[in-house]
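> I have a structure I would like to understand better, so I am pasting it below and will then ask my questions one at a time.
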Amino acid sequence: MEKLEYSIIWQKQNRLTDLDFADDIAMVAEEKNVCQEMTTKLEEQSTQVGLNISREKKKAMGITQCSLPQPIAVTQGNIEYIERFTFVGNVIFSNGDVEADINTRLAKAAAVFLRLDNLWRSSLISLKIKLDLYTSLIVSTAIRQQNLEEYS
């Protein structure tokens with residue numbers, strides 16, 4: 001997919017078309033009609049090399065305050081629209097709300113902290129090691145990896 005409109009502006013001059021992780025792909029576009037075009041192109045190119053888009057895993061989500069956009073069609077039928085999507089551990093909502101994602105991350109960090117209660121109470125482990133573990137296990141669970149440098 002090389003068309004310029006198959007992307008969004010990201011970091012001033014760069015353009016982003018998709019996010020890939022393992023066997024998942026999240027395609028991004030600013031215009032509704034471009035999503036259909038991108039999906040059709042992906043399906044065509046995948047078929048040429050013997051790959052199929054999974055019937056069970058295909059989902060669509062528009063991050064907008066407006067009503068649902070036009071359905072996106074593939075050979076197997078329309079792609080289901082969803083309100084909530086988890087991608088690489090991040091919870092994304094169609095209305096752009098990030099509060100649930102933040103709460104999820106904080107709850108995971110709290111759970112990790114509580115599971116290490118014996119470690120925190122131990123007099124055999126130095127404060128330096130406890131702080132290093134706290135930063136690497138608890139803080140990294142609560143915040144995105146790319147922001148860790150701000151807290152070091």
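> Search the range 73-84 for residues that are within 10 Å of LYS58 (Cα to Cα) and pair each with any residue that is among the charged types (D, E, K, R) and part of a strand (DSSP E or B) when their beta-carbon atoms are under 8 Å apart and the residues are at least 6 apart or on different chains.
ILE79/LYS59; GLU80/LYS59; TYR81/LYS59
> Looking at the range 28-50 only, could you name the residues that are at pLDDT 80 or above and surrounded by fewer than 12 Cβ atoms within 10 Å (Cβ to Cβ)?
Result: GLU44, GLN45, GLN48, VAL49, GLY50.
> Taking the criterion of being aromatic (Phe, Trp, Tyr), assigned to a loop (DSSP other than H, G, I, E, B) and modelled with pLDDT under 65, would at least one residue in the range 4-14 satisfy it? Before the answer, list the steps.
Initially, the range 4-14 is screened for residues aromatic (Phe, Trp, Tyr), giving 6, 10.
If we keep only those that are assigned to a loop (DSSP other than H, G, I, E, B) as well, we get 6.
When the remaining residues are screened for being modelled with pLDDT under 65, the result is 6.
Looking through the range 4-14, at least one residue is aromatic (Phe, Trp, Tyr), assigned to a loop (DSSP other than H, G, I, E, B) and modelled with pLDDT under 65.
Conditions (1) in contact with a strand residue (DSSP E or B) (Cβ under 8 Å, 6 or more places away or on another chain); (2) modelled with pLDDT under 85; (3) outside the structural domain of ALA26 (by TED's automatic domain parsing), marked per residue:
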site: THR86; (1), (2), (3): yes, yes, no
site: VAL112; (1), (2), (3): no, no, yes
site: LYS130; (1), (2), (3): no, no, yes
site: LEU133; (1), (2), (3): no, no, yes
site: GLN146; (1), (2), (3): no, yes, yes
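> Restricting attention to the range 96-110, and to residues there that are at pLDDT 80 or above and assigned to a loop (DSSP other than H, G, I, E, B), which single residue is surrounded by the fewest Cβ atoms within 10 Å (Cβ to Cβ)?
Of the residues in the range 96-110, the ones at pLDDT 80 or above are 97-110.
With the extra rule that they be assigned to a loop (DSSP other than H, G, I, E, B), the set shrinks to 97-98.
Details: ASP97: 13, VAL98: 11.
Among those residues, the one meeting the criterion is VAL98.
> Go through the range 74-83 and count every residue that is in contact with a helix residue (DSSP H, G or I) (Cβ under 8 Å, 6 or more places away or on another chain) and either surrounded by 13 or more Cβ atoms within 10 Å (Cβ to Cβ) or on the phi > 0 side of the Ramachandran plot (or both).
Restricting attention to the range 74-83, the residues satisfying the condition of being in contact with a helix residue (DSSP H, G or I) (Cβ under 8 Å, 6 or more places away or on another chain) are 74-75, 79.
Filter again for either surrounded by 13 or more Cβ atoms within 10 Å (Cβ to Cβ) or on the phi > 0 side of the Ramachandran plot (or both), leaving 74, 79.
Going through the range 74-83 one residue at a time, the tally reaches 2.
> Separate question: Could you list, ordered by first residue, the pairs with Cβ atoms under 8 Å in which the first is in the range 102-125 and under 12 Å from ILE143 (Cα atoms) and free of Cβ contacts under 8 Å to residues at least 24 places away in the same chain and the second is surrounded by 14 or more Cβ atoms within 10 Å (Cβ to Cβ) and among the hydrophobic types (A, V, I, L, M, F, W, C), at least 6 apart or interchain?
As it stands, the answer is THR104/VAL91, since those pairs meet every condition given.
The values are calculated or read from the model by the stated rules, or taken from the named source; none is laboratory data. Given the structure is predicted, the values throughout are model-derived calculations rather than measurements. Please note: Cβ atoms are built from the backbone with ideal geometry, for glycine as well, and neighbour counts cover all protein chains shown.
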